[in-house]
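Colleague: Let me begin by handing over the structure; questions about it come next.
The values are calculated or read from the model by the stated rules, or taken from the named source; none is laboratory data. Since we're looking at a predicted model, the values are computed, not measured. Cβ: placed from backbone, ideal geometry, glycine included. Neighbour counts: every protein chain shown. Side chains included, ligands, DNA and RNA excluded: accessible areas come from the protein's heavy atoms. Shrake-Rupley method; radii C 1.70, N 1.55, O 1.52, S 1.80 Å.
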Amino acid sequence: MTPLDLRATPPRPPRATTLGFYLLPRTIDKLRAELPGGDMGPFLNHDTGFSAYVVRRLGLSMGEFREAIANAPDEDAVVEWLRARVDESAAPALNAKLESFVVERMTAEDQVLVRERHPVMAVRPELSKIMDILEADDEHMRP
């Protein structure tokens, strides 16, 4: 796959879907930005982040997903790779779980991480839902 420069264009929105799953297109974009010649810009890809959470819930490791993206000729190949490994019927439940994540129900330590990792929280403290925070963060960081 070709690498991406996320300084020029943010990753796809959190609610964009691949095989019905939120965050997968965004995760693909972020992993493409990690490829040689790519640039993560202000975006993060932590093992404790939401992309990693989704990948784990699909029964995959970030390492194997990263490798699949690095070796795929294009996104269609990544989708076929995923289709062979995940249960697409699990998408609605996982998406509902992601929609239910709110800052107030996180541990104090995780709340600090969210505020550190998502600069929009400094100017939009009323945001609570993680999916809304990710969307607002993209807008906030747009050049």
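Colleague: Counting other C-beta atoms within 10 Å, and keeping those with at most 14, which DSSP coil trypsin sites (Lys or Arg not before Pro) do you find in the range 54-136?
Modeller: Sites meeting the loop and neighbour criteria: Arg85.
Colleague: What list of ³J(HN,Hα) couplings, whole Hz, do you get for the range 95-110 from phi and the Karplus terms 6.51, -1.76, 1.60, once you set θ to phi - 60° and write x for glycine and proline?
Modeller: So the Karplus estimates, Gly and Pro as x, are 4, 4, 4, 4, 5, 7, 6, 10, 4, 4, 9, 8, 5, 4, 5, 5 Hz.
Colleague: Now, a different point. Give a residue-ordered list of calculated ³J(HN,Hα) values for the range 60-76 (Karplus: 6.51 cos²θ - 1.76 cosθ + 1.60, θ = phi - 60°; whole Hz; x for Gly, Pro).
Modeller: 10, 9, 4, x, 6, 5, 4, 5, 4, 5, 4, 8, 7, x, 6, 5, 4
Colleague: Leaving ligands, DNA and RNA out of it, report the carbon-plus-sulfur percent of the accessible area of the chain at a 1.4 Å probe.
Modeller: Looking at the chain in its full context, I get 53 percent from C and S.
Colleague: So what is the accessible area of the chain per residue, in Å², with the probe set to 1.4 Å?
Modeller: 51 Å²
Colleague: Most mobile of Met62, Met40, Met106 per a Gaussian network model of the chain (Cα springs, under 10 Å)?
Modeller: Looking only at Met62, Met40, Met106, the biggest GNM fluctuation is shown by Met106.
Colleague: Please arrange Glu104, Glu109 by accessible surface area, largest first, computed with a 1.4 Å probe and ligands excluded.
Modeller: Glu109, Glu104
Colleague: In addition: Suppose each label sits 7 Å from its Cα in the direction of the beta carbon; what would the Asp74-Asp110 distance come out to in nanometres?
Modeller: Modelled inter-label distance: 3.9 nm.
Colleague: Turning to a different aspect of this structure: Name all residues of the range 7-23 having a backbone nitrogen under 18 Å from the label point set 7 Å from the Cα of Glu135 along its Cα→Cβ direction, giving them as ranges.
Modeller: 10-18, 20-23
Colleague: So, one more: Stretched out fully, how many nm does the piece from Ser89 to Val102 gain, at 0.36 nm a residue minus the Cα gap?
Modeller: Answer, rounded to one decimal: 2.3 nm.
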